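First comes the structure, then the notes that go with it.
The values are calculated or read from the model by the stated rules, or taken from the named source; none is laboratory data. The structure displayed is predicted, hence computed values, not measured ones. Methodologically, a virtual Cβ is constructed for each residue, glycine included, from the backbone with ideal geometry; neighbour enumeration extends over all protein chains shown.
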Ligand SMILES: [Zn+2]
């Protein structure tokens, strides 16, 4: 099997171990070592292989009960933390972001009865816990909270023009409805 040097060099740069590289493209340990030397790339230590966020989440979480998710990874105080792709993340906020596709507003808390549960649909930010019923009420509430259009669209599923219309209405009535 012939594997091009540049492919191997790319995988090394992504932080894969020699073993992961062999699994991915079939490059032998010798070839990977040789490429590493010729391209002068740093060695990935076995103590800290670079994992992707998704891989690290899968490694540190465990499903149990009725759709709950337990954190088995490192914590800081009571906050589950995750190191991946050279960054530190608050796992609760990270799971929220990945599930809802936007930045949470305020604190992300567990809303099911299992303490510390991290299942994506068992956590909520300040807005999803307190948001009023009805799309227009919810949008007005979020505008008054200073949320961005993007955050409003994400939390309510509203179209941009609906948000704009309500923003303009609120401007016209500075003392509120
Ligand atoms: Zn739960």
- prompt: Name the pairs: first residue in the stretch 97-112 and in contact (Cβ under 8 Å) with a residue 40 or more places away in the chain and farther than 13 Å from residue 128 by Cα, second residue outside any helix (DSSP H, G or I) and within 16 Å of the ligand (Cβ to nearest atom), Cβ to Cβ under 9 Å, at least 6 apart or on different chains?
  reply: 112/66; 112/67; 112/68; 112/119; 112/123
- line: Residues of the stretch 56-92 being within 12 Å of the chain's Cα centre (by Cα) and either crowded, with 18+ Cβ neighbours inside 10 Å or outside the structural domain of residue 103 (by TED's automatic domain parsing) (or both), in sequence order, are 56, 57, 82, 84, 89, 91, 92
Check on residue 81, free of Cβ contacts under 8 Å to residues at least 24 places away in the same chain and within 16 Å of the ligand (Cβ to nearest atom): no
- prompt: Can you tell me which residues in the stretch 142-158 are surrounded by 13 or more Cβ atoms within 10 Å (Cβ to Cβ), assigned to a helix (DSSP H, G or I) and touching a helix residue (DSSP H, G or I) at 6+ places or on another chain (Cβ under 8 Å)?
  reply: 142, 143, 149, 151, 152, 153, 154, 155, 156
- line: All conditions in (1) over 29 Å from residue 78 (Cβ atoms); (2) in contact with a helix residue (DSSP H, G or I) (Cβ under 7 Å, 6 or more places away or on another chain) are true of residue 161 except (2)
Residue 27 away from the ligand (no atom under 16 Å from the Cβ) and at pLDDT 90 or above: yes
- prompt: Is the stretch 102-115 home to any residue that is surrounded by 11 or more Cβ atoms within 10 Å (Cβ to Cβ) and more than 30 Å from residue 158 (Cα to Cα)?
  reply: yes
- request: Please state which one of 138, 114, 158 is over 19 Å from the mean Cα position of the chain (by Cα), more than 30 Å from residue 13 (Cα to Cα) and within 15 Å of the ligand (Cβ to nearest atom).
  value: 114
